[in-house]
Amino acid sequence: MAAQTPPRAEVTVDLGAVRHNVALLAARAGDAETMAVVKADGYGHGAVEVARAALEAGATWLGSCSAAEAAALRAAGIDAPILAWLDVPGAEVPPDVDLAVSSVEQLRGLSGRRIHLKIDTGLCRNGCPHELWPDLVKAAAASDNEVYAVWSHLACADEPGHPSVDSQAKRFADAYQVALDAGLTPKRHLANSAATLDRPDLRFDMVRVGIAMYGLNPLPTKEDLRPAMTFRSSVALTKRIDAGKSVSYGQSWTAERPTTLALVPVGYADGVPRLLSGRFDVLLGGIRRPVRGRVCMDQILVDCGDDEVRVGDEVVLFGPGDRGEPTAREWADTLGTIDYEIVTGMYRPRLVRRYVG
């Protein structure tokens, strides 16, 4: 059998890890249904493949953002209930996909649809403002649409004990009562990943799990979540340089001793942020090694000292951390951002995506 060609730039997604995480979250949700959020191409993991794994593991709903995302799931033959919650006016959403409605204006363009009315409880993003909510509920009750649910989104659920969570829960309860008083009998969903894990009182009829499904923990507490994504490349070239030689654009790093450099053919066009220049390691030959100089569009340089490194050797840029490799959270902490941004940044044309598990 021919030897496998080493990857230039590859994301490996462990669907077994996704199933594990969804099963854990669905169990934590108790009697509430579980919506697996697969927007942004499954947070960079592949929406269709992740959706199927999530449904196998106990999810009963799927969450998308845009009409196109929902349509892609339907085109792949997935028939589970889907909620699409944000797009531009006039976007064509498949007729069997639920829609979120945050204003009377949005409602006017709908007929015969199943809808989820969204109340802004304090995130001040999407959702109907409190003072306009009675008008929206009244209009929805008078329309020929089915009001399936009332929902909202928490701003600080990833900070256990933050006072805004209770404040938002109170506003949500008040908004739900308005819907009941108007003769509606909708379901409720409020909890995201963090609230699913930390606030059993907010699980209601359904929870919406996103980042935790992919194994990235939104809470400061330890949870048995397994990161599903590994970002790999391989050595394309090695070279020996003398002390005093400087590396990459701007010559921002100079070797203090003779060393071997491994050229790895990934860069910021492949999802390696340029702001990581001089601030991160990779796993090469079972050892964490520093990346020297600036991250280029297509390549980085790894300092291997006097160790023997060969062309084709695997390079792990981030993964679950089981082998000592960096993690997406480590990258995020270094950059002052969140791991959501790191993994969704892996949705790029030059990256090959491979599934295991």
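The values are calculated or read from the model by the stated rules, or taken from the named source; none is laboratory data. All values reported here derive from a predicted model rather than from experimental measurement. For neighbour counting, all protein chains shown are included, and Cβ atoms are generated from backbone atoms with ideal geometry for every residue, glycine included.
Here are a few things to note about the model shown:
- Looking only at residues of the stretch 276-289 that are in contact with a helix residue (DSSP H, G or I) (Cβ under 8 Å, 6 or more places away or on another chain) and under 23 Å from HIS45 (Cβ atoms), we find that the one that is surrounded by the most Cβ atoms within 10 Å (Cβ to Cβ) is PHE280.
- When the test is whether a residue is among the polar types (S, T, N, Q) and closer than 30 Å to ALA51 by Cα, SER246 does not pass it.
- Residue in the stretch 92-107 that is hydrophobic (A, V, I, L, M, F, W, C), assigned to a helix (DSSP H, G or I) and either in contact (Cβ under 8 Å) with a residue 60 or more places away in the chain or under 19 Å from THR230 (Cβ atoms) (or both) present: no
- Selection of the stretch 71-92 for residues being of a type in the set (Gly, Ala, Ser), out of contact with any Asp or Glu (no Cβ under 9 Å at 6 or more places or on another chain) and surrounded by 17 or more Cβ atoms within 10 Å (Cβ to Cβ) yields an empty set.
- Selection from the stretch 243-275 of residues that are charged (D, E, K, R), surrounded by 13 or more Cβ atoms within 10 Å (Cβ to Cβ) and farther than 23 Å from PRO320 by Cβ: LYS245
- Residue under evaluation GLY44, criteria (1) surrounded by fewer than 20 Cβ atoms within 10 Å (Cβ to Cβ); (2) touching a Gly at 6+ places or on another chain (Cβ under 8 Å), criterion not met: (1)
- Cβ-Cβ under 9 Å pairs, at least 6 apart or on other chains, the stretch 169-183 side touching a residue at least 60 places away in the same chain (Cβ under 8 Å), far side small (Gly, Ala, Ser): ALA179/ALA140; ALA179/ALA141
- Exclusive hit being of a type in the set (Val, Ile, Thr), outside the structural domain of SER103 (by TED's automatic domain parsing) and in contact with a Phe, Trp or Tyr (Cβ under 8 Å, 6 or more places away or on another chain), set VAL247, VAL150, VAL178: VAL247
- Note on the stretch 240-300: enclosed strands (runs of 3 or more DSSP E) holding 1 or more residues that are over 27 Å from PRO349 (Cα atoms) are 259-264, 287-292.
Yes/no matrix, rows are residues, columns are (1) within 25 Å of ALA212 (Cβ to Cβ); (2) touching a strand residue (DSSP E or B) at 6+ places or on another chain (Cβ under 9 Å):
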{"position": "CYS124", "(1), (2)": "yes, no"}
{"position": "GLY127", "(1), (2)": "yes, yes"}
{"position": "ASP135", "(1), (2)": "no, yes"}
{"position": "LYS138", "(1), (2)": "no, no"}
{"position": "ALA155", "(1), (2)": "yes, no"}
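- For the stretch 122-145, residues that are surrounded by 14 or more Cβ atoms within 10 Å (Cβ to Cβ), farther than 18 Å from ASP181 by Cβ and within 30 Å of the chain's Cα centre (by Cα) total 4.
- Subset tally (residues that are among the β-branched types (Val, Ile, Thr), modelled with pLDDT of 95 or more, surrounded by 19 or more Cβ atoms within 10 Å (Cβ to Cβ) and touching an Asp or Glu at 6+ places or on another chain (Cβ under 9 Å)) for the stretch 93-118: 1
- Per-region count, the stretch 325-344, residues charged (D, E, K, R) and buried (at least 18 other Cβ atoms within 10 Å of the Cβ): 2
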